[in-house]
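Input: a single structure, listed below in structure tokens.
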Amino acid sequence: MTAGGVRVTELFEIADFTDVFQLFDDIWHPEPANTPISVEMMRALSHAGNYVAGAYESDRLVGASVAFLGAPPGQVLHS
């Protein structure tokens, strides 16, 4: 999906999850032991059919969302 020059796409690759991890770190500056989400957890969520997406201006990651599906299937997304 593209709107206003920003392209949103679902992510599946470790390199992309690493970019999201770095973006979240740059935004929130969390304590090392208290990161919002790990690369490994993003991979597990994605592999299990949940939602990990990146928002790009050109090729630059400018936003991201990580979410898991709730019941009933296909109707609820928690982020």
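Hey, does the stretch 9-20 have a residue that's modelled with pLDDT of 95 or more, among the acidic types (Asp, Glu) and in a strand (DSSP E or B)? Yes, there is a match, as at least one residue in the stretch 9-20 is modelled with pLDDT of 95 or more, among the acidic types (Asp, Glu) and in a strand (DSSP E or B). Cβ-Cβ distances below 6 Å connect the following pairs, each with a first residue in the stretch 16-27 that is of a type in the set (Val, Ile, Thr), a second residue that is modelled with pLDDT of 95 or more, and a separation of six or more residues or different chains: 18/39; 20/64.
The values are calculated or read from the model by the stated rules, or taken from the named source; none is laboratory data. These numbers come from a predicted model, not from an experiment. Cβ: placed from backbone, ideal geometry, glycine included. Neighbour counts: every protein chain shown.
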